[in-house]
Each structure stands twice: as C-alpha cells, then as structure tokens.
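Remarks on the structure that follows.
The values are calculated or read from the model by the stated rules, or taken from the named source; none is laboratory data. What you see is a predicted model; the values in this text were computed from it and never measured. We place every Cβ from the backbone using ideal geometry, glycine too, and count neighbours over all the protein chains shown. Accessible surface areas use protein heavy atoms only, side chains included; no ligands, DNA or RNA. Shrake-Rupley method; radii C 1.70, N 1.55, O 1.52, S 1.80 Å.
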Amino acid sequence: MEQDVMQRIASARAGMSKGQKRIADYIVNNYDSAAFMTASALGETVQVSESTVVRFAMALGFDGYPGLQKSLQEIIRNRLTNVQRINLASNLTEESALVSVLKSDMANLRNTIENTDTKVFKNAIQCILSSKDVYIVGLRSAQMLSQFLGYYLNFVLPNVKTVGGGVLDAIDQLMRIDENDVLIAITFPRYSTRTVEAVQVAKAKGAKVIAITDSNLSPIAPPADYALMARSDMASFVDSLVAPLSLINAIIVACGLSRKESVASYFEELERMWEDSNVYSIKDAEAAEEKKL
C-alpha cells in the first residue's frame, strides 16, 4: 500500500523518543524532500544523530534506512513534476552524467531480473498467443514502447492493434475489444490517465489485461490479469526505459519462439519483397566497400 510507511509512522509515534518524533514529524510534512536525503542529511536537518535516524527506520520495521528511503520514494514517484525531477538531479554534472545514467540503468535491469515472476511472464505470453486480437496502449513517454512492441509483434501475430494518440482517442480505438481479446497496457511514472482509463474500458468489456509497469503501486497493476514489472527509476527528468524495453524484447522473443516455423516462413516472404522493393541498401553498401578495396 502506498501509505503504508505513513501508517507505520502514525502507529508508532506515541512510543517514540523526542528525537524520533522530530524525524517522524519532518518526514510526514516533508516526505518529498526526505525521500532523497541521506541518513546523515536527515539527521542534520532535524538535529539528531545519523544513528538515531537508522534506529528510527529499524523501529518502523525496515532493515535499515535505505528501506525507509525507498518506501518514501515510491510514494512520490507519480507526483514529481519534471521541474522537481531535474532539481533532484542537480548534483549531477555533465562529466558524471554518462556514468551515473548507465549505472542507474544497470541497476534497473538487475532489479527487473530479480523481481520478475517467471510464472506470470509465461502465463502472459500464453494469454497473448491465445487471444483473438492483441491491443497495445502506451501513451506519452510510453508511446515509443508500445510502437516498438506493436511493430515487432506484428511479425509474429496477425492480430495486433497499436492504440495511439492520433485523430481517434485511445478509448475510441478500444470500442470493439471483447472477452476474446487482450490489452497490453504500458505506463510508468508519471502514469498516463488515458492509459488507466483504457485498462478500465478493457476490463469492463471482459478483455484480459497485461500491465507493463514499474510496481504494484502503479494504478494499472491491481486490475491487470498479469502484471509485469520493470524498474524505471530516473537519474533526472528523463524516464529510464532501458529495463521496460528489455522486458518488451523478452515478450517479443518468447512469442516468436512459440511460432518459430510460421515466423520463419513469414520473414522469408518479407525478405523477397524487401529485396524486390530495394528496402535496404545492402548492395549499395557492399559496392562502396568494394571500391575502397
């Protein structure tokens, strides 16, 4: 639950020491700042020792301060504006950006691997393969993910429909979805209201829903039949979509492997068409290389 940490603080406050109460009051009133403070910085702010901050976190049932900090960050993930995000990353420099961003992306991938339920993943794949029509919705920053998934899944299945933000509203494009179909909904903080509404429409019409999102706190996770989690923790105002894209790659590959023969036949025909239409300039590239030699 999103407010679990606040409930813990409220329940335990009466038995806290004066120093711990100062920490509790500061967090309740300034959780958006506290979520990104070190234990030392938080202690200095409320005039208690770093060890008092650590003991406070453990008294709430966390293994240490990082657990408390992570819970606070989860609360505000969907509330930060881009201005707040870039302010939180003000300690980054141009020189440190490369390493910091790559390390953050690597951490997101590790977290995704460790927390992906392989049984849920397998069931989601079977749901996609057995559905009459596969609808995909992802808006705003998630739109590139939905387009990527739709593009490659179209090579595997003949019944893929990517819902976009064009002339027709996303909800309008789901009017024909029914109990034989599946909606793959993709959203990450800040969560798209229209994507949440699309999930509600799909569920109301009896369709299955596969959520690709960041955590159980996401508004599309609880109503989904299958929720696949990929971390998207940002290093700045830019959403990290490395782990979500990797998860989507896994979905495409898994679906392709289950339809290996038909996909191979489809690509053989496509290759002939591409060659006839000169879609790729391979021959020109080869000719250029020969001239160099």
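Quick check: is even one residue across the range 177-192 over 18 Å from ALA227 (Cβ atoms) and without any contact (Cβ under 8 Å) to a residue 12 or more places away in the chain? For the range 177-192, residues over 18 Å from ALA227 (Cβ atoms) and without any contact (Cβ under 8 Å) to a residue 12 or more places away in the chain: absent. For the range 116-160, the set of residues classified as more than 21 Å from the chain's Cα centre (by Cα) and surrounded by fewer than 18 Cβ atoms within 10 Å (Cβ to Cβ) consists of GLN126, LEU129, SER130, LYS132, ASP133, ASN154, PHE155, LEU157, PRO158, ASN159, listed by residue number.
Restricted to the range 21-71, and to residues there that are part of a loop (DSSP other than H, G, I, E, B) and of a type in the set (A, V, I, L, M), the residue that is least open to solvent (accessible area, probe 1.4 Å) is ALA35. May I ask you to list pairs of residues, at least six apart or on different chains, whose Cβ atoms are under 8 Å apart, with the first in the range 203-224 being of a type in the set (Lys, Arg) and the second being open to solvent by 10 Å² or more (accessible area, probe 1.4 Å) and in a loop (DSSP other than H, G, I, E, B)? Hits for this filter: LYS203/PRO223; LYS205/ASP178; LYS205/GLU179; LYS208/SER131; LYS208/ASP225. For the range 190-217, the set of residues classified as more than 16 Å from ILE248 (Cβ to Cβ) and among the polar types (S, T, N, Q) consists of SER192, THR193, GLN200, SER215, ASN216, listed by residue number. Candidates are the residues of the range 72-104 that are modelled with pLDDT under 60, open to solvent by less than 40 Å² (accessible area, probe 1.4 Å) and of a type outside the set (D, E, K, R); the one that is farthest from PRO244 (Cα to Cα) is ALA89.
Kindly indicate whether any position in the range 102-115 is of a type in the set (Lys, Arg), under 19 Å from the mean Cα position of the chain (by Cα) and closer than 27 Å to ARG194 by Cα. Looking for residues that are of a type in the set (Lys, Arg), under 19 Å from the mean Cα position of the chain (by Cα) and closer than 27 Å to ARG194 by Cα, one finds none in the range 102-115, hence no. For the range 127-167, the set of residues classified as touching a residue at least 40 places away in the same chain (Cβ under 8 Å) and of a type in the set (Val, Ile, Thr) consists of ILE128, VAL134, ILE136, VAL137, VAL156, listed by residue number. Residue-level check: of (1) open to solvent by less than 50 Å² (accessible area, probe 1.4 Å); (2) in contact with a helix residue (DSSP H, G or I) (Cβ under 9 Å, 6 or more places away or on another chain); (3) part of a helix (DSSP H, G or I); (4) at pLDDT below 90, ALA287 misses just (2).
Quick check on ALA107: is it touching a residue at least 60 places away in the same chain (Cβ under 8 Å), surrounded by fewer than 17 Cβ atoms within 10 Å (Cβ to Cβ) and part of a helix (DSSP H, G or I)? Step through it out loud before you land on a result.
Working: touching a residue at least 60 places away in the same chain (Cβ under 8 Å): yes; surrounded by fewer than 17 Cβ atoms within 10 Å (Cβ to Cβ): yes; part of a helix (DSSP H, G or I): yes.
So ALA107 passes the test.
Among residues of the range 253-265 that are at pLDDT below 80, those with a Cβ under 6 angstrom from a residue that is surrounded by 13 or more Cβ atoms within 10 Å (Cβ to Cβ), sequence gap 6+ or separate chain, pair up as VAL263/VAL156; VAL263/GLY256. Close Cβ contacts (under 8 Å, 6 or more residues apart or on different chains) running from residues in the range 26-44 that are within 15 Å of GLN73 (Cβ to Cβ) and touching a residue at least 24 places away in the same chain (Cβ under 8 Å) to residues that are open to solvent by 60 Å² or more (accessible area, probe 1.4 Å) and among the hydrophobic types (A, V, I, L, M, F, W, C) comprise PHE36/LEU88. Scanning the range 254-274 for residues that are assigned to a helix (DSSP H, G or I) and in contact with a helix residue (DSSP H, G or I) (Cβ under 9 Å, 6 or more places away or on another chain) gives ALA254, CYS255, GLY256, LEU257, SER258, SER262, VAL263, TYR266, PHE267, LEU270. Those strands (runs of 3 or more DSSP E) of the range 179-234 in which 3 or more residues are open to solvent by 50 Å² or more (accessible area, probe 1.4 Å), of a type outside the set (Lys, Arg) and closer than 17 Å to PHE148 by Cα are absent.
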